[in-house]
Amino acid sequence: MLTKIKEVIDRGDRFLITSHIDPDGDAIGSAFSMYWALDSLKKHPLVYLRDKVPSRYEFLPRPTHLTNAFPHESFDAIFVLDCGNLFRVGEGYEQLKDMGYLINIDHHKTNETFGLINMIDPDASCTAELLYFLYEHLHVPMSLDMALNIYTGILTDTGSFRFGNANSSAFFISGKMLQAGVKPAYVSQMVYNNHPKERFKLLGLVLSGLEAFDNDKIVMTHVTNDMFEEAGASKEDTDGFVEYIKEIRGVEAALLLRQVPGGYKVSMRSRGTMDVSHICALFGGGGHRNAAGCTIEGNLGQVENRLKEALKVQ
Ligand code: 5GP
Ligand code: MN
C-alpha cells in the first residue's frame, strides 16, 4: 500500500489534498502535514478545505497554498484524508474522481473505500498516525511544521490520550514529534486554553437543556440558532461540548444536537462497548464506535423522537 502511494507521488507533481467539512484537529493536522511533506519533496501541493480553519488551530503551520474555494482543476493525484465517505468533502465531491487519481487515507471503520487506492486502518488512532508511516516510507525528514500538525492530529483525535484509540503508536509517534521540537504544553495552551468567553455563555445554555434517560445511561442536549445568537457564539464554539456531558457518571452514550438548515447535526459519543456508529448509520451518517455523527431532518422534537426511538429510550 505505502509503496503504491509512493509510486504515485514519485510520478506526479501537482497534488490536491483535502479533508472533511467542519475540519477537526486530525483533518487539519493531516492535510497540513501532508502539504509540508510534499513541499519538501519539491512537489506542488494545494490544500482545499471547504470550511475555514477554526481559530484554535490557527497556530498550526499552514500551507502557502490553502484554499476554501473548490478547485476546478486537474491534479496528478488527490488525497482525501480522514473522510469516511467522499460526501464529507462537501459540495463538488462528485467531481473529484474526474479531477485526478483518488487516494483515500483514513481510520474510520465505516470508510466506503471510494479511492483507487484505499489506505484504511480502523485500529489507527487517527489519520495523522497513518500519514506518519507514509512520510517515513517516503524518507521525508520530520520538520517542526510537520511535527506540530501530526502531534495535534493525535492529541485531538485521542481526546488528549484519554480515549480507547490512544494506542501505543499514538504515544510512540508523539514521542518522535517531541524529539522534532513539539512542546506539548504550548500545543495544549493553543488548542484547549484559548476559548472566547462566548463559548462559556453558550455552554451554560446547552447544559441547561440536558436530558437524561435510562438511569443516566443516555444523555442528550441541543444547541439552536437562537442559543448561538443569545450567547454571541458560533458553531466552532461547540467543539468538545459532547465530550463534556459524557463525563457524567454512568453515561454510556452522549448526544449533542446542533441546529443546521432543515434539521440537526448530531454528534454522538459513547464509552466502552456501545457502538454509536451503528446508530448514526441508521440516519445515513457514520464514524467510529465511540465517536460518530449524522444529520437528521426535522424540528427539534422530531429529531429527538427519532433518536430516542433508535436508542430505545423514552
Ligand atoms: P463529530 O461529532 O465530531 O462531528 O464527528 C464524530 C465522528 O463521526 C468523526 O470521526 C466524524 O468523522 C464522524 N462523522 C460525523 N458526522 C458524520 C456524518 O455525517 N457522516 C459520517 N459518515 N461520519 C460522520
Ligand atoms: Mn480523524
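The values are calculated or read from the model by the stated rules, or taken from the named source; none is laboratory data. Nothing here was measured: the structure is a model prediction, and the numbers come from that model. Cβ coordinates were reconstructed from backbone atoms using ideal geometry, including for glycine residues, and neighbour counts include every protein chain displayed. Surface areas here come from the heavy atoms of the whole protein model, side chains and all, with no ligands, DNA or RNA. Shrake-Rupley method; radii C 1.70, N 1.55, O 1.52, S 1.80 Å.
Of all residues being at negative phi and out of contact with any strand residue (DSSP E or B) (no Cβ under 9 Å at 6 or more places or on another chain) in the stretch 246-295, which is least open to solvent (accessible area, probe 1.4 Å)? Just the residue, please. The extreme case among them is HIS288. Listed by first and then second residue, the pairs with beta-carbon distance under 8 Å, at least 6 apart or on different chains, first residue in the stretch 66-78 and in contact (Cβ under 8 Å) with a residue 40 or more places away in the chain, second surrounded by fewer than 18 Cβ atoms within 10 Å (Cβ to Cβ) and in a loop (DSSP other than H, G, I, E, B), are PHE75/GLY12; ASP76/GLY12; ASP76/ASP13; ALA77/GLY12. Number of residues in the stretch 11-46 that are open to solvent by 40 Å² or more (accessible area, probe 1.4 Å), part of a loop (DSSP other than H, G, I, E, B), more than 14 Å from ligand 1 (Cβ to nearest atom) and at negative phi: the value is 2. Summed over the stretch 121-131, residues that are buried (at least 20 other Cβ atoms within 10 Å of the Cβ) and within 15 Å of ligand 1 (Cβ to nearest atom) total 7. Scanning the stretch 197-234 for residues that are within 17 Å of LEU311 (Cα to Cα), open to solvent by 50 Å² or more (accessible area, probe 1.4 Å) and not in a loop (DSSP other than H, G, I, E, B) yields GLU211, ALA212. Within the stretch 166-184, is even one residue modelled with pLDDT of 95 or more, within 30 Å of GLN259 (Cβ to Cβ) and either within 16 Å of ligand 2 (Cβ to nearest atom) or open to solvent by 40 Å² or more (accessible area, probe 1.4 Å) (or both)? No, there is no match, as no residue in the stretch 166-184 is modelled with pLDDT of 95 or more, within 30 Å of GLN259 (Cβ to Cβ) and either within 16 Å of ligand 2 (Cβ to nearest atom) or open to solvent by 40 Å² or more (accessible area, probe 1.4 Å) (or both).
Within the set TYR93, TYR101, the sole residue that is touching a Leu at 6+ places or on another chain (Cβ under 6 Å), within 16 Å of ligand 1 (Cβ to nearest atom) and open to solvent by 30 Å² or more (accessible area, probe 1.4 Å) turns out to be TYR93. Screening THR113 on (1) within 14 Å of ligand 2 (Cβ to nearest atom); (2) surrounded by fewer than 22 Cβ atoms within 10 Å (Cβ to Cβ) shows it passes everything except condition (1). Just so you know, in the stretch 51-78 the residues that are modelled with pLDDT of 95 or more and within 16 Å of ligand 2 (Cβ to nearest atom) include one that is most open to solvent (accessible area, probe 1.4 Å), and it is ASP51.
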